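Below is one structure, written out as structure tokens; the observations come after it.
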Amino acid sequence: MALDKSSTSTEILEYALKHMVSQRDAIQARLDEVRRRLSQRPSEVRTPTPISGPLKRNLTPDARKRIAEAQNRRWEKVRMAKATSA
């Protein structure tokens, strides 16, 4: 009582096809759920609240001058180190 190879392979292919179709249906259901959630999202999104307090720091002219002088001193050290190494 030998089984025909073509009928066995056909049965295997039919089983595989049914399994893949059921997987596809499950994936499609998940995709539909995600799409449904995404379509609802814009109505639920809240607008961000504006940031309170000052957005820009205002420096006094004296403060700008002190910062500039400090930066010049830093660059002077770099130039001096470069001059001594050359």
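Any read-out appearing in this document is the output of simple, stated calculations on the displayed coordinates, not a laboratory observation. The structure displayed is predicted, hence computed values, not measured ones. Note: ideal-geometry Cβ built from the backbone for every residue, glycine included; neighbour counts use all protein chains shown.
Just a few scattered comments:
- Under the simplified labelling scheme, the Ala70-Ala29 pair shows an inter-label distance of 6.4 nm, with each label point 7 Å from Cα along Cα→Cβ.
- If you take the alpha carbon atoms of segment 47-86 and fit the smallest convex hull around them, that volume is 92 Å³ per residue.
- Linear extension gain, Met20 paired with Arg37, 0.36 nm per residue minus alpha-carbon span: 3.5 nm
- Ordered by the count of other Cβ atoms within 10 Å of each Cβ, fewest first, Arg57, Arg73 give Arg57, Arg73.
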